[in-house]
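Participant: Have a look at this one.
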Amino acid sequence: MTQSEPESSSKYEFPWRGFGFLRKFRKPPTGPHTSHPAPLSQKKLPKSKSRSSTKSMPAGLPSQLDPDFYCFESSWLNFTLSDLQNATNNFSRENIIGEGGYSEVFRGVLEDGKIVAIKRLTRGTPEEMTSDFLSELGMLVHVNHPNIANVFGYGVEGGMHLVLPLSPHGSLASLLTGEKHKLKWGIRFNIAVGVASGLNYLHEGCQRRIIHRDIKAANILLTEDFQPQISDFGLAKWLPDQWAHVTVSQYEGTFGYLPPEFFLHGLVDEKTDVFAFGVLVLELITGRPAIDKSQKSLVMVARPLIIKKSFEELVDPLLAGVYDAEQMNRMVAVAFMCINEFSTERPQMSQVIRFLKGNEGILGSGRKKFQKRAAFKRTCSVDFSVKTVFSLSLKPHRPRVEKLTLHGTNKPKFLDRLSYSL
């Protein structure tokens, strides 16, 4: 079943409306970064009571919004604007560690010395920012996984802010594309496995399927021991079980990580995240950004190298040839399958995890299409160019993987099985 997203006000509706397990928002005690008292009950209040409780909402949130749908953890801290300004040196541009179309992310240091990431919404009317803020919180309150970043505070004074823990390592992007650090192969491989685990949880382990829609290196925070944590759910969407996908009317996301079907039809489903994950894996393999300085996408650069078996040109030279050959073999195979221009032939994240861990010898879409495709040849030619921002070119041939096999050499032998469907 397909669902289209209306062009008008649907963006600001709460998709978890009617869920009885949502926590009711309660006003925190006064004072800087106080925590919420534990809710008396998790049962939804009747409409009459919930409407009357709007008087207890904190300053900064419109009183006309129904508090039944505000999801705040009792342990979350409520920061004042002064707290956040002091932590970020008055939101100095020097402290920006991430920036998108709807928000800015600042590095901050709290009074107790704790390093944090502070996300501030920057786009839209106050009502739109409030609704987006509450929608993101509504997602985060229902996710619990070691590879998902935990929000521990927020602030609604002077704008909408989320506060997350941040290690000195920052984000994956800061290590791969900032000042060059030699990120060892074992760390890169574990990051890929961790992100895959987090995505699989969002796709299959939540109350409802969650499509993140903005998987990228800048949104992968690293803990002190380099464990990856997926962050920034500003574009995330619930996807009910009966929906095959959702069609969006606004083209939101990050160029370089978006799949062809999104540009062509606005389609969003789990395979949207799978494609972005494939690009992320390519970044880990190559050390290159998703979009380089010449505005070419990594997909455009890496796919021909994989097809031509130019393995030496693909791998990050900073690794200096020091990596586990079998793991590299699996990573290249995963990246190649995940960036398949046909969404139905990309693997599921559960398959990706098993394959990366060596528990699955052949990686495919799970529908045995490789065996059935001999008599059915399709071609695809797509050329996207968005001025100086994005360039993606998919060749007018279709790589076909008959079988992926593993060999303990520096060159992934599965590439010898590649053929073309012209």
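Participant: Can you tell me the length gained on complete extension of the stretch E224 to K182, counting 0.36 nm per residue apart and subtracting the Cα distance?
Facilitator: That pair, E224 and K182, stretches by 13.5 nm at full extension.
Participant: Want the number for S82 to K308: 0.36 nm per residue separation, take away the alpha-carbon distance, what's left?
Facilitator: 75.7 nm
Participant: Where Rh is the Kirkwood radius over the Cα pairs of region 98-201, the temperature 37 °C and the viscosity 0.692 mPa s, what D in µm²/s does Stokes-Einstein return?
Facilitator: 212
Participant: For T344 paired with K114, estimate the spin-label separation in nm (one decimal), with each label point 7 Å from Cα along the Cα-to-Cβ line.
Facilitator: 4.9
Bear in mind these aren't lab numbers, they're just calculated from the coordinates by the rules spelled out. On a predicted model such as this, the values are computed, not experimentally measured, just so you know. Ideal geometry is used to build each Cβ from the backbone, glycine not excepted, and the neighbour counts take in all protein chains shown.
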